[in-house]
Amino acid sequence: MENEKKALTALVIDAEYVDAVAFDFIVNFERMLGRRVQQADLCDWLTCLSLDAGLRPGEEHEINASWLHEAHTPKLQNWALQEGEYAFQHVEYHNSLGNFELNAYPVETELTNKADFFVESLRVLAGMENVERILLVPDFDSYGKQLLSAIPDQKDVTLFVMEPFKDRRCYVENLGYSLAHALGIKGEELS
């Protein structure tokens, strides 16, 4: 079975949304904690999201992270990235969860908008046989209802939002825990 493709975990992220949430966390936690908060560690955050979605170390997962960003947005402002830009096109790294591949896709507003591009990405992933899990980090307040209607029955889907709710179509997890961890904020600091 050497030629058999591994099951893929596909992660789709709204880059501007998650960058804005990271900024809000940095500003608010710096005030609350009375100390400087580092930029979010991208690799640490992706690992935490994957763990929150049920992936476990030792199983050698294949995780493909797709960042959907506005074409005019040159870089993420609040994330510790090499060169600080969307320079991670086809970048790969490996840790205890498995292999991560990062790609960035610009949303060309002459052709589509972020909501439609996000939903269409979900539909394409739902149709791919080798995709086992789909993890979504959308701007839920902006286009969440549109996204929920596109969630496939046949896939294991986890939706990351700031205010979790119950939904029968997917697992819903809190985005804030993984982001706080990636920003270096410890639980004991919040007690």
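The values are calculated or read from the model by the stated rules, or taken from the named source; none is laboratory data. Note that the structure is a prediction, hence the values are computed from the model and not measured. Counting neighbours? That spans all protein chains shown, and the Cβs are built from the backbone with ideal geometry, glycine included. Accessible surface is based on the protein model in full, side chains and every heavy atom, while ligands, DNA and RNA are left aside. Shrake-Rupley method; radii C 1.70, N 1.55, O 1.52, S 1.80 Å.
Computed from Cα positions, the angle between helix 42-52 and the longest principal axis of the chain comes to roughly 60 degrees. Amide H contacts of H61 (H built 1.01 Å from N, in plane; Pro and chain starts excluded): G98, N99 sit under 5 Å, all sequence-distant by 5 or more or on other chains. 3J(HN,Hα) couplings calculated from phi for the stretch 111-118 with the Karplus curve 6.51 cos²θ - 1.76 cosθ + 1.60 (θ = phi - 60°) are, in sequence order, 9, 7, 10, 4, 4, 5, 5, 5 Hz; Gly and Pro show x. Close amide-amide hydrogen proximity is noted between E70 and E16, V107, each under 5 Å apart and 5 or more residues distant or on a separate chain (H modeled in the peptide plane; Pro and chain starts excluded). Is the stretch 1-158 rounded, prolate or oblate when judged by the Cα gyration tensor, a ≥ b ≥ c being the square roots of its eigenvalues, rounded requiring a/c under 1.5 and prolate requiring a/b larger than b/c? Oblate, since a/c reaches 1.5 and b/c is not below a/b. Within the shell defined by Cβ-Cβ distances under 11 Å, the residues around A71 carry a net charge of -2, with Lys and Arg each +1 and Asp and Glu each -1. Solvent-accessible area per residue in the stretch 94-155 equals 51 Å², computed with a 1.4 angstrom probe and all protein chains kept. Restricting the chymotrypsin sites (Phe, Trp or Tyr not before Pro) of the stretch 96-191 to loop positions (DSSP other than H, G, I, E, B) with no more than 15 neighbouring Cβ atoms within 10 Å leaves F165. Computed from phi, the 3J(HN,Hα) profile of the stretch 166-177 under the Karplus parametrisation 6.51, -1.76, 1.60 (θ = phi - 60°) reads 9, 8, 6, 7, 7, 7, 10, 10, 7, 6, x, 4 Hz, with x in place of Gly and Pro. Taking amide hydrogens as placed 1.01 Å from N in the peptide plane, the amide H of L11 sits under 5 Å from those of N64, A65, S66, L135, each at least 5 positions away in sequence or on another chain. Scanning the chain for GluC sites (Glu not before Pro) in DSSP loops with at most 13 neighbouring Cβ atoms within 10 Å leaves 130-191 as the longest stretch between them.
For the stretch 153-186, trypsin sites (Lys or Arg not before Pro) are listed when DSSP marks them as loop and at most 16 other Cβ atoms sit within 10 Å of their Cβ; the list is K166, R168, R169, K186. The orientation-averaged projected area of the convex hull spanned by the Cα atoms of the stretch 65-191 comes to 9.6 nm². Any aspartates and glutamates with Cα under 18 Å of the K145 Cα? List them, leaving off those in the same chain fewer than 8 positions away. Correct list for K145: D14, D116, E120, D153, E163, D167, E173.
Quick one: pull the percent of accessible area on the chain belonging to carbon and sulfur, 1.4 Å probe, ligands and nucleic acids left out.
On the chain, the fraction of accessible area on carbon and sulfur atoms equals 48 percent.
Against the chain, whose longest principal axis is taken from its Cα atoms, helix 15-33 shows a tilt of about 30°.
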